[in-house]
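Worksheet: the structure to be examined is printed underneath.
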Amino acid sequence: MANAEREAWITGIGIVSNLGEGAEAHWQKLMAGTPSFDATTFAPFVVHPLAPVNFDSQIPKKGDQRQMENWQRIGTYAAGLALDSAGVKGNRDILSHVDMIVAAGGGERDLAVDGTILSGMPHAANQAAYLNEHLMSDLRPTLFLAQLSNLLAGNISIVHGVTGSSRTFMGEESSGVDAVRIALSRIAAGQSDIALVGGAHNGERPDLLMLYEFGKNNLKDRYAPVWERGLDNGGFALGSFGAFLVIEAREHAEKRGAKPLARLSAVVSDRSKRTPGAVQASLARLWDKIKSKVKAGKAAVMSGATGVPAITAEERQFLEQHGDLAVRAAGSYVGHGMEPTFPMNIALATIALGHGNLFPPNDSTGLERPMDGELSQVLVTSVGHWRGEGLALLEKAG
């Protein structure tokens, strides 16, 4: 469990998604209550595509952009927005000791080469030799740079000059939880003063959609908000987005005159065996660790529910036991992005705290409802689609 012995502030957020870029664009779209999605390009799968982005504004060198795949461009762009938001962009003295923790998946593939090889192998006299020949000759050298998970952190360091320590975690949703948890733990223990934490995901990838469909995890045919997805239309709609947070020790922020967007008070995580009832029990154990901090009537939940039927049903059961907490499922709007989902939902919770209220419900089942009173705390949940659970508590600072 990460508890803030030294108070940890969120002083910057950088987000880009189907809703646009930056805090204000996201808040306006969330308040409008109209999700944007694409149910035709990758039919029958539903995705939340990235809004148009001018990558040049955060990644000015075309050479840098060319050697990145989309997930790295998205992440490097979002990291730049976060550094801008925190007021440390270009400040070499501070950037030299910014600790970076990135949650990243595996790299992207060259689908054209994959298709050529799969089409040609059945007709090859020697399939093994054919495979080796085409892998060696057809794949561009820079593809391997796009496939290294830790090169998102490398590109952020190159483009934005972040030169403190660097860690990259893999492990789908759990990697995002642990990235935030460890950043908070290090700040609380006095091992770090300021950290850049987050990740990126490109959901517009046929190869990913195919892989997740092997597990019957994709939302298909028609869009529905997360809580309205049942056994006949369950699953996640992959989203393309990047989310980075600047998390900073209070005294470090005050010394440079930075103001808090929110206070990060606790992050807890677990990994259950996923037998029936295990997710609900795991969330209950995590809740027990932080429930003393939660203020009745002033708190809400920003849920990272995926929409995968059995797992989402268990999270719902847990949330229904805490009916005094208003709930919002962020995935109904931005989709599901695996590794950066938890940082994204923390960013959205931070924005809501800044406005003192939640965006409107988007759910006809009755779980989401309007919130009475001013919002001062948000509980962020993460229940991975097949492993890992986590909770974070954010509070209004000041």
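For (1) hydroxyl-bearing (Ser, Thr, Tyr); (2) at pLDDT 95 or above, each residue gets a yes or a no:
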{"site": "LEU231", "(1), (2)": "no, no"}
{"site": "PHE241", "(1), (2)": "no, yes"}
{"site": "GLU251", "(1), (2)": "no, yes"}
{"site": "SER265", "(1), (2)": "yes, yes"}
{"site": "ALA296", "(1), (2)": "no, no"}
For this session: Restricting attention to segment 40-59, report how many residues are open to solvent by less than 30 Å² (accessible area, probe 1.4 Å) and part of a loop (DSSP other than H, G, I, E, B).
Result: 4
Problem set entry | Members of segment 119-154 that are among the small types (Gly, Ala, Ser), more than 30 Å from GLU172 (Cβ to Cβ) and at pLDDT below 90 | SER137
Exercise. Any residue in segment 60-78 that is open to solvent by less than 30 Å² (accessible area, probe 1.4 Å), at pLDDT 95 or above, within 20 Å of the chain's Cα centre (by Cα) and over 15 Å from PRO340 (Cβ atoms)?
Worked result: no
Exercise. So, in segment 166-185, of the ones that are small (Gly, Ala, Ser) and closer than 19 Å to THR306 by Cα, which residue ends up nearest to the chain's Cα centre (by Cα)?
Worked result: GLY176
Exercise. List pairs: first in segment 307-320 and at positive phi, second surrounded by 17 or more Cβ atoms within 10 Å (Cβ to Cβ) and of a type outside the set (D, E, K, R), Cβ under 8 Å, 6+ apart or cross-chain?
Worked result: GLY307/LEU219; GLY307/VAL226; GLY307/GLY234; GLY307/GLY235; GLY307/PHE236; GLY307/ALA237; GLY307/GLY331; GLY307/HIS336
Seminar exercise, completed: Reported set for segment 154-178 where residues are under 25 Å from LYS89 (Cβ atoms) and in contact with a Lys or Arg (Cβ under 8 Å, 6 or more places away or on another chain) is VAL159, HIS160, GLY161
Seminar exercise, completed: In the set GLY203, GLY234, the lone residue that is touching a residue at least 60 places away in the same chain (Cβ under 8 Å) and over 30 Å from ILE156 (Cα atoms) is GLY234
Exercise. When the residues of segment 277-289 are filtered to those that are among the aliphatic types (A, V, I, L, M) and over 22 Å from the mean Cα position of the chain (by Cα), which remaining residue is least open to solvent (accessible area, probe 1.4 Å)?
Worked result: ALA278
Problem set entry | Matching residues in segment 257-276 - criterion: being open to solvent by 20 Å² or more (accessible area, probe 1.4 Å), in contact with a strand residue (DSSP E or B) (Cβ under 9 Å, 6 or more places away or on another chain) and not hydroxyl-bearing (Ser, Thr, Tyr) | LYS259, PRO260, LEU261, ARG263, ASP270, ARG271
Exercise. If we only count helices (runs of 4 or more DSSP H) wholly inside segment 171-287, which ones have 1 or more residues that are within 30 Å of VAL98 (Cα to Cα)?
Worked result: 172-188, 250-255
For this session: Output the residues belonging to segment 203-234 that are open to solvent by less than 10 Å² (accessible area, probe 1.4 Å) and farther than 19 Å from GLU368 by Cβ.
Result: GLY203, LEU209, ASN218
Seminar exercise, completed: For segment 10-24, pairs from a residue that is touching a residue at least 24 places away in the same chain (Cβ under 8 Å) to a residue that is among the β-branched types (Val, Ile, Thr) and in a helix (DSSP H, G or I), with Cβ under 6 Å and 6 or more apart or across chains, are ILE10/THR350; ILE13/THR350; SER17/VAL334; ALA23/ILE351
For this session: Considering only segment 163-202, state which residues are surrounded by fewer than 22 Cβ atoms within 10 Å (Cβ to Cβ), over 15 Å from GLY107 (Cβ atoms) and aliphatic (A, V, I, L, M).
Result: ILE182, ALA188, ALA189
Exercise. Which of (1) assigned to a helix (DSSP H, G or I); (2) of a type in the set (D, E, K, R); (3) over 18 Å from ASP193 (Cβ atoms) is the odd one out, the single condition ASP93 does not satisfy?
Worked result: (3)
For this session: Please find, within segment 5-39, the residue that is modelled with the lowest pLDDT out of those that are among the polar types (S, T, N, Q) and open to solvent by 20 Å² or more (accessible area, probe 1.4 Å).
Result: THR34
Exercise. Can you spot a residue in segment 32-41 that is closer than 20 Å to MET344 by Cβ, among the hydroxyl-bearing types (Ser, Thr, Tyr) and in contact with a helix residue (DSSP H, G or I) (Cβ under 6 Å, 6 or more places away or on another chain)?
Worked result: no
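The values are calculated or read from the model by the stated rules, or taken from the named source; none is laboratory data. Just so we're clear, the structure is a prediction, and the values are computed from it rather than from any experiment. Please note: Cβ atoms are built from the backbone with ideal geometry, for glycine as well, and neighbour counts cover all protein chains shown. Accessible surface is based on the protein model in full, side chains and every heavy atom, while ligands, DNA and RNA are left aside. Shrake-Rupley method; radii C 1.70, N 1.55, O 1.52, S 1.80 Å.
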